[in-house]
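The values are calculated or read from the model by the stated rules, or taken from the named source; none is laboratory data. Please read all numbers here as calculations on a predicted model, not as lab measurements. A quick note on method: Cβ atoms are made from the backbone with ideal geometry, for glycine too, and the neighbour counts reach across all protein chains shown. Side chains are part of the model used for accessible areas, which takes the heavy atoms of the whole protein and leaves out ligands, DNA and RNA. Shrake-Rupley method; radii C 1.70, N 1.55, O 1.52, S 1.80 Å.
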Amino acid sequence: MSKVISDAVFGFIRIPDGLLFQIVQHPAFYRLSRIRQLGGANVVYPGAQHTRFQHSLGAFHLTSLATRSLMRKGNFIFDSEEEAVLAAILLHDIGHGPFSHVLEHTLVRGVSHEQISLLIMQRLNEEMRGMLTLAIKIFKDEYGKRFLHQLISSQLDMDRLDYLRRDSFYTGVTEGNIGSARIIEMLNVVEDQLVVEKKGIYSIENYLVARRLMYWQVYLHKTAVAAELVLINAMKRAKHLVQRGISVSCSAPLHFFLEQEIGLEAFNSDPKVLDNYLELDDNDILSALKAWRHHEDPILALLADDYINRRIFRVEVSEEPFPETLVAERINDISQALGLPESDVAEYLVAQRNVGTNMYNPNDDHIQLLQKDGTIADVTTQSDMLNLQTLSHQVQKNYLCYQRI
């Protein structure tokens, strides 16, 4: 027995009856259908309205293809292990909050979405009477077959294979369209680690280049970064006001996170923290911003109106850090134009962001190629197009974002 979901990227995705369908049906998982995959990127790419729910189903589908491909090549995976790794990939992003990565360190402090995902998985495991115990071990990389964890988290995991294809599809940035099916068919296992058969090297080269292009064209696009800073600063201002006793209209779960600083200890000690977190999604933020446009606080009202009506911060880009004199000049100009204190302008209406990425992190898991003679070698030693120095080179850019006047 299985349920079929029609996906815009991969076509029909089958969800087997039982544990996996229970997860997909669960309110905590369905909440991901109300959380955008790409945060504020839709201000640049209007089609980027897809959700974490769609991404999680896509990653599940690719993991299912990968386990079957590995088993056809003689790599033994028990049915219970296959179900567990599929459950883990379904739940790998369940800890994301509103607008995905954008507000990850604004609504809560020092708690990653991976940590919250684990907390939610542990709660679901209690509800499901231990049925997720093996999935949690694989998710935490505490299970004997480490290659199962690598399907979820590694340089070449199913999470990345899905989001590159999916984000490319919905943004229309065709450079990110990778050959995920061929990469999966080229996967194998040697000494308990995922490897790629040598004949798949060109697909790996394309994958690494596509990652770089997608980061600069989509994930770190200067306008998307500026939009996200508007949103972050609006939340910071709202939190500042609430914690000083000033009334701010918003949903009860959002107010819960605005009125206090929440860290990992609070999640561990008070079940209400996770309860409120699971009530939050993009709708809480958008409805609050619409209301805040009319707030008596001029900074909160300005930031909220900026985001709702796409009046995004102006952006200057430089390879070198911006001179303090230039930043001070921007702060003074905005302060004079809007009649606001320079300290408030510097805190909420001017922001600097250093962004950087590389194609391949040598400190992370390496992508290993399986040679015809059975030996394995790093992709950087086998490619005639790429080398470690080029792949691992960190490209850095400095963005100066500030309020339009």
- Task: Run the accessible area of the chain with a 1.4 Å probe and give the carbon-and-sulfur part as a rounded percent.
- Result: 48
- Can you give the accessible area per residue of region 121-208, in Å², using a 1.4 Å probe? 41
- Kindly report the accessible area of region 39-87 per residue (heavy atoms of protein chains, probe 1.4 Å, no ligands, DNA or RNA), in Å². 35
- Message: When a/c reaches 1.5 or more, the comparison of a/b and b/c decides; with that in mind, is region 1-62 rounded, prolate or oblate per its Cα gyration tensor?
- Response: oblate
- Expressed as an acute angle from 0 to 90° and rounded to the nearest 10, what is the orientation of the C-alpha long axis of helix 113-127 relative to the principal long axis of the chain? 60
- Note on the structure: Phi-derived 3J(HN,Hα) across region 204-210 with the Karplus relation (6.51, -1.76, 1.60, θ = phi - 60°), rounded Hz, x for Gly and Pro, is 5, 4, 5, 4, 5, 5, 4
- Net dipole in debye of the chain [+1 Lys, Arg Cβ; -1 Asp, Glu Cβ; about Cα centre; nearest 20]: 880
- Message: Taking θ = phi - 60°, what integer Hz values does the Karplus form 6.51 cos²θ - 1.76 cosθ + 1.60 yield along region 10-24, in sequence order, with x for Gly and Pro?
- Response: 10, x, 7, 10, 9, 10, x, 5, x, 4, 5, 6, 4, 5, 4
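If I take all pairs of Cα atoms in region 283-405, what percentage of them are more than 26 Å from each other? Intermediate results must be reported in sequence, preceding the final value.
Numbers: 3639 of 7503 pairs.
For region 283-405, the fraction of Cα-Cα distances above 26 Å is 49 percent.
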- Would you mind checking the tilt of helix 79-91 against the longest principal axis of the Cα atoms of the chain, expressed as 0 to 90 degrees and rounded to 10? 20
- Message: For a bin width of 5 Å, list the pair-distance distribution of region 272-348 built from all Cα-Cα distances, rounded to whole %.
- Response: 3, 12, 16, 18, 16, 13, 10, 7, 4, 0
- Query: Going by average Cβ neighbours within 10 Å, how do the peptides 235-243, 369-377 rank, with the highest at the top?
  - Reply: 235-243, 369-377
- Query: Using the Cβ atoms and a cut-off under 10 Å, what net charge is assigned to the surroundings of VAL218, where Lys and Arg are +1 and Asp and Glu are -1?
  - Reply: -2
- Task: Enumerate the calculated ³J(HN,Hα) couplings along region 283-300 in order (Karplus 6.51 cos²θ - 1.76 cosθ + 1.60, θ = phi - 60°), each rounded to whole Hz, writing x wherever the residue is Gly or Pro.
- Result: 4, 4, 6, 5, 5, 5, 4, 4, 6, 5, 4, 10, 6, 6, 6, x, 6, 4
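Express in nm, to one decimal, how much length is gained between ALA301 and LYS372 on full extension, taking 0.36 nm for each residue of separation and deducting their alpha carbon distance.
On the way: separation 71, 0.36 × 71 = 25.56 nm, distance 6.36 nm.
That works out to 19.2 nm of additional length.
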- Sorted by chain and number, the residues with a modelled amide H under 5 Å from that of THR51, at a separation of 5 or more or across chains, are GLN37
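Can you tell me how the chain classifies by the Cα gyration tensor, rounded, prolate or oblate, using a/c under 1.5 as the rounded cut?
oblate
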- Message: Placing +1 on the Cβ of each Lys and Arg and -1 on the Cβ of each Asp and Glu in the chain, which of SER383, HIS240, SER33 has its Cα farthest towards the positive end of the resulting dipole?
- Response: SER33
- Message: Compute the angle between helix 52-72 and the longest alpha-carbon principal axis of the chain, please, reported from 0 to 90 degrees and rounded to the nearest 10.
- Response: 20
- Query: What is the gain in length, in nm to one decimal, between ARG314 and THR381 on full extension, counting 0.36 nm per residue of separation less the C-alpha to C-alpha distance?
  - Reply: 19.9 nm
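With every protein chain left in place, what is the accessible area per residue of region 263-352 in square angstrom, probe 1.4 Å? Could you put the intermediate results ahead of the total?
Values: 4760 Å² over 90 residues.
Accessible area per residue, region 263-352: 53 Å².
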- Task: For region 1-60, build the charge dipole from Cβ charges (+1 Lys, Arg; -1 Asp, Glu) around the Cα centre, then report which of LEU19, PHE60, VAL43 sits farthest towards its positive end.
- Result: VAL43
- Task: Starting from the Cα of PHE12, step 7 Å along the direction of its Cβ; do the same at GLU265; then give the gap between the two resulting points in nm.
- Result: 5.4
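Rounded to the nearest 500, what is the 222 nm mean residue ellipticity of the chain from helices alone, with -39500 (n - 2.57) per DSSP H run of 4+ residues and division by all residues? The partial results should precede the final answer.
On the way: 19 runs with 195 residues, N = 405.
One gets -14500 deg cm²/dmol as the mean residue ellipticity at 222 nm.
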- Note on the structure: For GLY179, other-chain or 5+-apart residues with amide H closer than 5 Å (H placed, Pro excluded) are none
